[in-house]
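Some notes on the structure that comes next.
The values are calculated or read from the model by the stated rules, or taken from the named source; none is laboratory data. Predicted model, so just to flag it, every value in this text is computed and none were measured. Virtual Cβ from ideal backbone geometry, glycine too; neighbours counted across all protein chains shown. What goes into the accessible areas is simple: the full protein's heavy atoms, side chains included, and nothing from ligands, DNA or RNA. Shrake-Rupley method; radii C 1.70, N 1.55, O 1.52, S 1.80 Å.
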Amino acid sequence: MMKFDRRILLFIGLFFFAFILSRVDLGLVAVTLVGIDAAIYVSALFVLLMLILLKGLKWKAILKSQGQVISLAESTRLVNVGFFVSSVTPGRIGDFVRALYLKDDGVPLSIGVSSVILDRIIDVSILLGFALLSSLAFISFYGYSAVSVELIFSVFLVFIFGVFLLFKEKYLKILLRPAFNFIVPDDMKERVSVGFSSFFSALKLVKKSPVLFLSSVLLGIVIWVVGTFFFYLLAVSLSIGMPLEFAFLVFPITSLLDLLPISISGIGTRDVSLVFLLSFVSVSSESAVALSLLFFFTGYVLVSFFGFMFFLRRPISMRFLDSKIM
């Protein structure tokens with residue numbers, strides 16, 4: 001059943017992608033890509049490298065706030081491996097492979113998992129905040145909301161409530177107890193309960209180093225700003241006339257749609273969103289699709305390739321991920 005669900009998710013994204021391709025002049029898309037400004041594109045690659053290093057630095061700061069010290073090179077390498085696995089899994093659950101690598105290096109699994117969850121919480125919180133501001137700006141500038149403000153705000157509130165519960169072990173246990181008693185077999189209840197408590201203990205370690213954790217949050221904001229600039233440089237390299245301030249409106253919304261578990265690596269959803277959003281600044285559908293393809297190749301395929309190379313140098317069993325995504 002789960003295998004079937006995964007194929008359906010992939011099919012939805014591919015359906016959107018095929019639909020968009022059927023509506024544009026593929027010859028013009030190819031011409032736009034061939035006419036790329038090499039110098040600007042190389043500049044975008046340098047910004048991408050900076051972005052990758054910042055992500056490694058952010059996770060390193062989170063781990064340090066939990067009392068674990070790893071090098072920037074190692075944290076960046078594992079972030080890349082996690083990105084590679086996440087790129088081929090709906091919802092990006094593959095990021096948790098980082099915790100398995102840390103476990104092999106002697107870091108408790110509870111700390112590894114909690115650090116990845118905190119990393120994702122920071123990213124999603126900032127993304128939701130930027131997406132909310134972006135939608136409000138669209139209403140102010142264009143009299144139209146690219147994505148429902150009410151929907152984003154509701155998701156944001158639910159997300160914040162979930163984060164609040166995540167740091168309130170007592171309340172979360174009360175909330176999950178019926179499901180725990182119903183789902184977990186009796187012979188595994190004690191082990192699961194111990195693992196649950198270990199996870200919360202690891203999560204609460206950041207309270208001992210609030211400055212370090214705050215620095216990871218600030219790095220998260222910087223990462224989104226740099227990521228938007230990377231997106232803008234890709235557009236400029238294709239001679240797309242998009243103002244920088246407009247890129248700050250578009251990128252959070254497309255990134256938010258990328259997270260929807262209806263495609264792999266945003267294939268389809270990103271294309272649809274860019275065609276629609278860039279039409280507000282009179283960018284043709286062909287140019288929007290070209291930008292989407294360039295972003296996919298550079299931001300996903302290229303980064304995932306290096307993550308794959310790192311993975312091959314030190315492969316690790318990912319059977320626990322198979323159970324989640326198959």
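Provide the per residue accessible area, probe 1.4 Å, for the range 221-306, rounded to a whole number of square angstrom.
Values: 2790 Å² over 86 residues.
Accessible surface, normalised per residue, equals 32 Å².
Using only alpha carbon pairs under 8 Å that are at least six residues apart, calculate the relative contact order of the range 215-292 and give it in whole percent. Walk me through the intermediate numbers first.
On the way: 58 pairs, mean separation 20.2, N = 78.
Relative contact order, the range 215-292: 26 percent.
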key: Exposure rank, largest accessible area first [Met242, Met50; 1.4 Å]   = Met50, Met242
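Considering only protein heavy atoms, what per residue accessible area in square angstrom results for the range 50-131 with a 1.4 angstrom probe? Intermediate values should be presented prior to the final figure.
Details: 2610 Å² over 82 residues.
Result: 32 Å² of accessible area for each residue.
Ordered by packing density, taken as the mean number of other Cβ atoms within 10 Å over each peptide's residues, highest first, how do 217-226, 95-104 rank?
On the way: 217-226: 16.8, 95-104: 20.8.
In descending order of packing, they fall as 95-104, 217-226.
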ask   = Residues with beta-carbon under 13 Å from that of Thr254, excluding Thr254: net charge, scoring Lys, Arg +1 and Asp, Glu -1?
value = -1
task = Would you give the gap between the C-alpha center of the range 22-46 and the C-alpha center of the range 51-82, rounded to a whole Å?
result = 32 Å
